[in-house]
Amino acid sequence: MSKEIGHRRTTIMELMHNTNMEKKKISAELIVKLCLYFDISPSDLFEVRAKE
């Protein structure tokens, strides 16, 4: 997938495993690439939760 969308594998793995997300900035470019790859909209990628 990393090669197909042209983005770093490390970042994709962090997103998949939800690690280091408190300090992670996700570029609009990566969001667009993921949406096109999975044929989804940005709202399918994110969930907003109240801080515990």
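The values are calculated or read from the model by the stated rules, or taken from the named source; none is laboratory data. The shown structure was predicted, so the numbers you read here are calculated from the model rather than taken from an experiment. In this analysis, Cβ positions are derived from the backbone assuming ideal geometry, glycine residues included, and neighbour counts consider all displayed protein chains. Each accessible area value is taken on the protein alone, full model and side chains, heavy atoms only, with ligands, DNA and RNA left out. Shrake-Rupley method; radii C 1.70, N 1.55, O 1.52, S 1.80 Å.
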Any chance you could give the angle, 0 to 90 degrees and rounded to 10, that helix 28-38 forms with the longest Cα principal axis of the chain? 70
With label points built 7 Å along Cα→Cβ from the Cα atoms of Asn18 and Val32, find their separation and express it in nm. 2.8
Under 17 Å from the Cα of Lys24, which aspartates and glutamates turn up, not counting those fewer than eight places away in the same chain? Glu14, Glu47
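Filter the GluC sites (Glu not before Pro) in segment 1-38 down to the DSSP loop ones having no more than 12 other Cβ atoms within 10 Å, then list what survives. Walk me through the intermediate numbers first.
Values: sites: Glu4, Glu14, Glu22, Glu29; in loops: Glu22.
Here the sparse-neighbourhood loop sites are Glu22.
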Filtered trypsin sites (Lys or Arg not before Pro), the chain: DSSP coil and at most 14 other beta carbons within 10 Å: Arg8, Lys23, Lys24, Lys25, Arg49, Lys51
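Translational diffusion coefficient of the chain at 10 °C, 1.306 mPa s, Stokes-Einstein with Kirkwood Rh over Cα pairs, in µm²/s as a whole number.
Values: Rh = 11.9 Å.
Rounded, D is 133 µm²/s.
Determine the share of the chain's accessible area contributed by carbon and sulfur atoms, expressed in whole percent, with a 1.4 angstrom probe. Present the calculation step by step, with values, prior to reporting the outcome.
Values: 2500 of 4730 Å².
Carbon plus sulfur share of accessible area: 53 percent.
Counting only heavy atoms of protein chains, what accessible area per residue, in Å², does the chain have with a probe of 1.4 Å?
On the way: 4730 Å² over 52 residues.
Spelled out: the 1.4 Å probe surface of the chain, per residue, equals 91 Å².
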